[in-house]
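Report on one structure; see the data block that follows.
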Amino acid sequence: MSTPTVGVLALQGDVREHFAALDAAGAEARAVRRPEELAAVDGLIIPGGESTTISKLAIAFGLMEPLRERVRAGMPAYGSCAGMIMLADKILDPRSGQETVGGIDMIVRRNAFGRQNESFEAPLAVTGVEGGPVEGVFIRAPWVESTGARVETLAVYDGHPVAVRQDGLLSTSFHPELTGDHRVHALFVEMVRSALG
Ligand code: GLN
């Protein structure tokens, strides 16, 4: 099996945990902070963290347009939590100046699960992930408010999509990189392999 090179956008957030998960899922992980580094990867993960900070840093580092171009050109990408927000075409409640890379035809709501439920775990059935439920770790997580026709919902919690896919773009409200279960990363690495042909 080929070993695709998968970047992790390393501006802010839980970058290291994605490195470990990618390694276990059979990809070579690389940090992406500059356009040249982005150009050298077969796929990209946008980690959890703070989407407003990631957005501002991506603009400051001259990465926002290159990110949009690569996503438009079909580079597979996976966003967890803040990364999901970054892959959404639209944020329901953006902070001022907050931009997204976009690519997935969906509207997301930031910090959607509310104060009492800021952080929680729940087992989730995820379409495309075999072998039983995935433990969903939600940390001030977004949910998907609405999706366009080309978006496939892979998991739902409390009536809201929390994992979605549109072609080569995958996103989850939760953080599989924190659990030691690498099946979601394996699904993404498979998506990267199939995009390579
Ligand atoms: N609430 C954060 C945001 O809006 C996301 C939290 C996370 O990534 N764990 O960016």
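The values are calculated or read from the model by the stated rules, or taken from the named source; none is laboratory data. As the structure is a prediction and not an experimental result, all values here were calculated from the model. When we count neighbours, we look across all protein chains shown, and the Cβ atoms used for this are built from the backbone with ideal geometry, even at glycine.
A count restricted to segment 2-25 and to residues that are crowded, with 19+ Cβ neighbours inside 10 Å and in a helix (DSSP H, G or I) stands at 6.
Give segment 53-69 a look and list any residue that's farther than 20 Å from His18 by Cα and touching a residue at least 12 places away in the same chain (Cβ under 8 Å), or say none. Once the filter is applied, which keeps residues that are farther than 20 Å from His18 by Cα and touching a residue at least 12 places away in the same chain (Cβ under 8 Å), segment 53-69 yields Lys56, Ile59, Phe61, Gly62, Met64, Pro66, Arg68. Could you tell me which residue of segment 11-25 is farthest from Ile59 (Cα to Cα), considering only residues that are in contact (Cβ under 8 Å) with a residue 12 or more places away in the chain and within 16 Å of the ligand (Cβ to nearest atom)? Among them, the one singled out is Ala21.
Count of segment 156-197 residues, restricted to those that are of a type in the set (A, V, I, L, M) and closer than 22 Å to Met1 by Cα, is 10.
Across segment 57-93, the number of residues qualifying as at positive phi and surrounded by fewer than 22 Cβ atoms within 10 Å (Cβ to Cβ) comes to 2.
Per this entry, Glu118 is counted among residues that are acidic (Asp, Glu), within 13 Å of the ligand (Cβ to nearest atom) and surrounded by fewer than 20 Cβ atoms within 10 Å (Cβ to Cβ). Glu50 satisfies every condition listed in (1) loosely packed, with under 14 Cβ neighbours inside 10 Å; (2) closer than 22 Å to Ala21 by Cα; (3) within 15 Å of the ligand (Cβ to nearest atom); (4) acidic (Asp, Glu) except (1). Quick check: is even one residue across segment 128-150 modelled with pLDDT of 95 or more, among the charged types (D, E, K, R) and within 14 Å of Asp181 (Cβ to Cβ)? Within segment 128-150, one or more residues are modelled with pLDDT of 95 or more, among the charged types (D, E, K, R) and within 14 Å of Asp181 (Cβ to Cβ).
Does segment 26-41 hold any residues that are surrounded by fewer than 20 Cβ atoms within 10 Å (Cβ to Cβ) and outside any helix (DSSP H, G or I), and which are they? Matches in segment 26-41: Gly26, Glu28, Arg30, Ala31, Arg33, Arg34, Ala40. Applying the set (1) in contact (Cβ under 8 Å) with a residue 24 or more places away in the chain; (2) surrounded by fewer than 21 Cβ atoms within 10 Å (Cβ to Cβ); (3) more than 23 Å from Pro94 (Cβ to Cβ) to Gln166 leaves exactly one unmet item: (3). Filtered by the rule that a residue be surrounded by fewer than 24 Cβ atoms within 10 Å (Cβ to Cβ) and either among the hydroxyl-bearing types (Ser, Thr, Tyr) or within 16 Å of the ligand (Cβ to nearest atom) (or both), segment 176-197 gives Leu178, Thr179, Ser194.
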